[in-house]
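Before any comments, here is the structure.
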Amino acid sequence: PFNPCLTEAQYKEMEEKVSSTLSGLGGELKGTFYPLTGMSKEVQQKLIDDHFLFKEGDRFLQTANACRFWPTGRGIFHNDDKTFLVWVNEEDHLRIISMQMGG
């Protein structure tokens, strides 16, 4: 279901499935998954400095119930080179971002 209809258990299930899949990537996609729940201040600041961290939705997303159970079931993955990024359950289920210098 779309975010407004997800239960807390479904958010957690999606985060678990995606994080385990992404954590198994190798080669140039090898990286780290950071769950928003329980994130340390140090990791949070690192992701802010890298411009990778997303925040809780605005009032429109909140009104649409797209921010239910925040931050449960949300997370961020990026590869070691910081050129491949996946946001889990931010506004969409998955937001995949690929970056290249000069691109």
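Figures for the structure shown
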| read-out | value |
| --- | --- |
| Strands (runs of 3 or more DSSP E) lying entirely in the chain (those with 2 or more residues that are in contact with a His (Cβ under 8 Å, 6 or more places away or on another chain) and hydrophobic (A, V, I, L, M, F, W, C)) | 84-88 |
| Scope the stretch 1-59; condition farther than 18 Å from residue 97 by Cα and of a type in the set (Ser, Thr, Tyr); matching residues | 7, 11, 20, 37, 40 |
| Matching entry among 32, 37 (being surrounded by fewer than 16 Cβ atoms within 10 Å (Cβ to Cβ), touching a Pro at 6+ places or on another chain (Cβ under 9 Å) and either among the hydrophobic types (A, V, I, L, M, F, W, C) or at pLDDT 95 or above (or both)) | 37 |
| Matching residues, the stretch 41-54, being closer than 13 Å to residue 89 by Cα and modelled with pLDDT of 85 or more | 53 |
| Residue within the stretch 55-75 that is at pLDDT 95 or above, hydrophobic (A, V, I, L, M, F, W, C) and under 13 Å from the mean Cα position of the chain (by Cα) present | no |
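The values are calculated or read from the model by the stated rules, or taken from the named source; none is laboratory data. Source: prediction; values computed, not measured. Cβ: placed from backbone, ideal geometry, glycine included. Neighbour counts: every protein chain shown.
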